[in-house]
Amino acid sequence: MYSEEKEKITAILKSNCIAIYHIGSTSVEGLWAKPVIDILVAVRSLEETDAASESFSEIGYEYLGEFGIPGRRYLRKGGDERTHQIHIFQADDWNNISRHLAFRDFMRSHEEERSEYAELKKSLAEKFPYDIDGYCDGKDGFVKEMEKRALSLYDCSWDRLYIEAGKVQYERHISSLLEAGAVSAALLTEKGNIYVGVSIDTACSLGMCAERNAIANMITNGESRLKKIVALMPDGKAGMPCGACRELMMQLGDKAGETEILCDYETKRTVKLKSLIPDWWKTE
C-alpha cells in the first residue's frame, strides 16, 4: 500500500521530491499498529509543495498545513478514519527528518522495546477506542524517550548523503553542447564534512562524473580523505562509480581502499572501494 501511494505522491511533487520514506508503526515488521500508512517526504521547497495542494485533494487528501509542527506540511486521507498520513519537510530540516528515521530504525532493530511499544499501543487502543487525543497522549512519554535513545544510536550518514545528493540533482541545460545534473554525488570526509557534485555531460570528451566533481569540491576545500560516497542515478537509486572514478579515489591515499560506497539505499548495502578494484596496479 505504501509503494502504491509513493508513486502517486512522487507523480504530484515531481522534481520537488528529493526523498520519500515509509515511517510509523506500519513500517516496522511485527509491530502492532493502527491501519494507517505514515509517509515522510523531503522536498526542495515547501512553497512548491503548497502550490500542489489541489493535486493532493484530487487523490483524497486534506491539506492541513503545519498542523502543530513548524516547518511541516501535514496531509491526511480518510478523515477521522484516516488511512494515510503524509508529513512533508524541507530537505534541510534535518532535525525533523532524522527523528522520524531514527525512531523507525530503532524499532526495527530493538525487539524488546518494540514489544513494549506494541503492548502499550494495544492497551491504549482498548482504553481510548474513539479518543485519538487520549491515545496519542498516552504514548507520548514513551515515544519521546525512545526517540531520544534512537537518536543517540542513529548513524545518519547514508541518509544525510542521499538527501544532500538529491538536493543538487536536477537537469541543467547550459547550452546546446553541455548539460549537467542528471546524476549527483555526495561524499563524507574523515573530518565529518559533506561535499557534493553533479555530472557534466558534453558533446565531446570534456565531461565529468558526479563523483569526480564532488571529489574536486572536497580537494578545493582543503580535504582529501573521504570515508563514504554515494552516487544518485536519475531513477533515484544508488549507482556504482565508473572505472575512472574508482581509480581517482584509489589514488587519494594509502587508506583509500577502505572508502565505503553505497550500493543500495533501501537496504543500506555497501561495498568497499578495494573490492571494486582488486589487484590494483600500485604496489608498496
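Key figures for this structure:
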{"quantity": "Helices (runs of 4 or more DSSP H) within segment 1-96 that include 1 or more residues in contact with a Ser or Thr (Cβ under 6 Å, 6 or more places away or on another chain)", "calculated": "2-13"}
{"quantity": "Answer residue from segment 244-284, given it is polar (S, T, N, Q) and over 19 Å from the mean Cα position of the chain (by Cα) and is surrounded by the most Cβ atoms within 10 Å (Cβ to Cβ) among those", "calculated": "Thr259"}
{"quantity": "Of residues in segment 53-94 being of a type in the set (Ser, Thr, Tyr) and without any contact (Cβ under 8 Å) to a residue 12 or more places away in the chain, the one farthest from Tyr2 (Cα to Cα)", "calculated": "Ser53"}
{"quantity": "Residue within segment 106-117 that is within 30 Å of Lys237 (Cβ to Cβ), without any contact (Cβ under 8 Å) to a residue 60 or more places away in the chain, touching a Leu at 6+ places or on another chain (Cβ under 9 Å) and of a type in the set (Phe, Trp, Tyr) present", "calculated": "yes"}
{"quantity": "Residue list for segment 237-277, filter: closer than 16 Å to Glu190 by Cβ, in a loop (DSSP other than H, G, I, E, B) and touching a residue at least 12 places away in the same chain (Cβ under 8 Å)", "calculated": "Leu252, Gly253, Lys255, Thr259"}
{"quantity": "Criterion violated by Trp32 - all others in (1) surrounded by fewer than 17 Cβ atoms within 10 Å (Cβ to Cβ); (2) touching a strand residue (DSSP E or B) at 6+ places or on another chain (Cβ under 9 Å); (3) farther than 23 Å from Lys167 by Cα satisfied", "calculated": "(2)"}
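Okay, residues lined up against (1) buried (at least 19 other Cβ atoms within 10 Å of the Cβ); (2) in contact with a Gly (Cβ under 9 Å, 6 or more places away or on another chain); (3) among the aliphatic types (A, V, I, L, M):
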site: Val28; (1), (2), (3): yes, no, yes
site: Ala42; (1), (2), (3): yes, yes, yes
site: Asp50; (1), (2), (3): no, yes, no
site: Ile86; (1), (2), (3): yes, no, yes
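Condition check ((1) assigned to a strand (DSSP E or B); (2) over 16 Å from the mean Cα position of the chain (by Cα); (3) at negative phi; (4) of a type outside the set (S, T, N, Q)) across all residues:
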residue	(1), (2), (3), (4)
Phe142	no, yes, yes, yes
Glu145	no, yes, yes, yes
Ala150	no, yes, yes, yes
Gly166	no, no, yes, yes
Ala182	yes, yes, yes, yes
Leu206	no, yes, yes, yes
Ile219	no, yes, yes, yes
Glu223	no, yes, yes, yes
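Where a number appears in this text, it was derived from the coordinates with a stated rule and is not lab data. It should be emphasised that the depicted structure is a prediction, and the values quoted were computed from it without experimental measurement. Please note: Cβ atoms are built from the backbone with ideal geometry, for glycine as well, and neighbour counts cover all protein chains shown.
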